[in-house]
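*Asks:* Sharing a structure with you now.
The values are calculated or read from the model by the stated rules, or taken from the named source; none is laboratory data. In this text the structure is predicted, and so the values were computed from the model without any measurement. Heads up, the Cβs are rebuilt from the backbone with ideal geometry, glycines too, and the neighbour counts pull from every protein chain shown. SASA here: full protein model, heavy atoms, side chains in, ligands and nucleic acids out. Shrake-Rupley method; radii C 1.70, N 1.55, O 1.52, S 1.80 Å.
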Amino acid sequence: MVGFNSLTRNGGALPRIDAASIKRSPDDPIQEELSSAPLLEGWALADDGHWMHGWFFGHPEIEDGTHGHTSAIVELDAAIPPRWAKTESRLYRLGIFYPPAEREIRYWAQKHSGQPLVRGSVPGGSDDIVAMLAFLRSTGRIRWSKVDRLEHDYQK
């Protein structure tokens with residue numbers, strides 16, 4: 001399986017995409033099931049493409065705003081970006097997707113904020129990537145060289 005995170009358009013990384021805004025076909029066979037499925041926000045495929053990680057909302061066993069990973073993926077929507085994923089244990093709606101470098105900055109900023117992600121807010125607290133990088137440097141919990149790498153990857 002080709003990882004969605006590795007796809008590009010016109011030679012550049014795919015932009016941030018809100019999968020919830022994509023129109024769905026009324027004859028989509030899982031549309032009814034999707035309406036009650038848990039939401040995975042800020043998601044990404046694992047490097048091996050066998051599972052996903054992101055922030056969970058509406059999951060019966062995971063507290064809203066918790067970051068984690070799914071069980072193994074058995075089917076992924078063919079749309080780009082995918083709108084849903086079926087795993088060994090359940091169906092997920094896929095929310096907003098961030099390009100890999102932005103997603104990693106958001107992940108670390110959210111993690112070091114010490115707060116769970118609130119539904120409707122963006123991971124990392126804002127859309128100001130420069131502010132998130134400054135915050136990561138200010139915590140002293142991440143090596144500056146790692147933050148520099150994150151910034152470099154984001155600028156590419």
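*Asks:* Considering only protein heavy atoms, with the full assembly of protein chains and a 1.4 angstrom probe, order 66, 87, 139 by accessible area, largest first.
*Replies:* My answer, sorted largest first, is 66, 139, 87.
*Asks:* Take residue 50 and residue 142, extend 7 Å from each Cα along the Cα→Cβ direction, and tell me the distance between the two endpoints in nm.
*Replies:* 2.7 nm
*Asks:* For the pair residue 64/residue 118, report the inter-label distance in nm, with labels modelled 7 Å from Cα in the Cβ direction.
*Replies:* A separation of 1.1 nm, rounded to one decimal place.
*Asks:* How far, in nm, would the chain grow between residue 152 and residue 31 when pulled straight, counting 0.36 nm per residue and subtracting the alpha carbon separation?
*Replies:* 39.6 nm
*Asks:* Protein chains only, probe 1.4 Å: how do 98, 107 rank by accessible area, largest first?
*Replies:* 107, 98
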